[in-house]
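Below is one structure; the comments refer to it alone.
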Ligand code: LLP
């Protein structure tokens, strides 16, 4: 019989351990990260371009566990933050203000003041937020996020370029940007953009890079001289359809075209600042498998259901975006597991609580474990306590192949820690 867990076997994901041992020791559901894969992802990205000043600004929203962030810092990545909470996590992981860009959207005054008080560079993405930055920090530094007019992504919900979206300042507004910079004596230290999340072709991203570079050239010389950061955003996709052998985004080709474009442009403009990319998913997604337990199986005459303890509060992506994640089986016994078309569900009281719809998978039994692949980005970071189910634990398989707890499972007390007024 072919392996029921071809991907995790091929990459020896669980190191010296096995899913059953991890489930026994730490319970399920359980986010399991692999440090070797995580570091390799970082290195692949850091090598994307050899152009001087190139760097990787990891987008913390994908996963903010500070133990993982600390590993990224060792690999020389810098980080973003878009909320006081993300900023707090960045600092907890040891990043210094110089290693953090605060790339925000619709800040309250308190939030912006908090970021400024921590000495990080803030990027604003509307004229009103630029004005707020000026009021709060006259004479200070600021970045702006532009909207290049093109978007990309796996769902309308995550496309962030183009006028249909709330993000960025459109190029037509640059005269007003310049006027606000002057009015508040602000120094424009950088420009950033982000066209959206999860593309598997390089073209849109490179087109957007070219648009940012041209925009820079339209700015007055006095402003151009101030700019030391050009951040092109993230969005690099990973192949979620691993069992079908989905092709990877060609990072070699992307990196080469990016480098060629940037070096020609640098020669032309004499720009000597930094060039950043801002990936989240590419760093984290494939470094994690979410393990869950099969708790019940059911055939209702029409459909076959495999029920697990991975409700959509633990992993929202399938429900929110119809996202596809491969599932591998770690059977609890050695009975044969013929293929069966089945719907894999969680334990939340909604019919939409589905991890995999009518998918052909090895038949499952109560007591089996499943592994949901590519769960490291927008997995735990989007988890909730809906149905009053506690958020899960996270563990890290270190480079020696040994597991270590990096976040404990929430307790019942955690669920009510913020309750007030209960007499
Ligand atoms: N920079 C900015 C300003 C962003 O808004 C994002 C993602 C990134 C960078 C990183 O994008 P990435 O490289 O991870 O694609 N929850 C969705 C993805 C939302 C992305 C939001 N912004 C999902 O699970 O697919």
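Please treat every number below as a calculation from the coordinates, not as lab data. This one's a predicted model, so the numbers in the text were calculated from it and none came from an experiment. Here Cβ is always computed from backbone atoms with ideal geometry, including for glycine, and neighbour counts include all displayed protein chains.
Kindly list, by first and then second residue, each pair from a residue in the range 143-161 that is without any contact (Cβ under 8 Å) to a residue 12 or more places away in the chain and closer than 18 Å to residue 81 by Cα to a residue that is near the ligand (Cβ under 8 Å from one of its atoms) and part of a loop (DSSP other than H, G, I, E, B), limited to pairs with Cβ atoms under 6 Å and residues at least 6 apart or on different chains.
Pairs found: none.
From the set of residues in the range 184-204 that are within 16 Å of the ligand (Cβ to nearest atom) and over 20 Å from residue 79 (Cα atoms), which is nearest to the chain's Cα centre (by Cα)?
199
Given the conditions (1) surrounded by fewer than 17 Cβ atoms within 10 Å (Cβ to Cβ); (2) within 16 Å of the ligand (Cβ to nearest atom); (3) within 22 Å of residue 179 (Cβ to Cβ), which single one is not true for residue 220?
(2)
Collect the residues in the range 51-94 that are in contact with a strand residue (DSSP E or B) (Cβ under 7 Å, 6 or more places away or on another chain), closer than 19 Å to residue 378 by Cβ and surrounded by fewer than 19 Cβ atoms within 10 Å (Cβ to Cβ), keeping them in residue-number order.
Selection gives 67 alone.
Report yes if residue 235 is within 15 Å of the ligand (Cβ to nearest atom), closer than 21 Å to residue 145 by Cβ and surrounded by fewer than 20 Cβ atoms within 10 Å (Cβ to Cβ), otherwise no.
No, not satisfied.
Looking at (1) within 13 Å of the ligand (Cβ to nearest atom); (2) within 16 Å of the chain's Cα centre (by Cα); (3) under 24 Å from residue 45 (Cα atoms), which is the one condition that is false for residue 148?
Residue 148 satisfies all of (1) within 13 Å of the ligand (Cβ to nearest atom); (2) within 16 Å of the chain's Cα centre (by Cα); (3) under 24 Å from residue 45 (Cα atoms) except (2).
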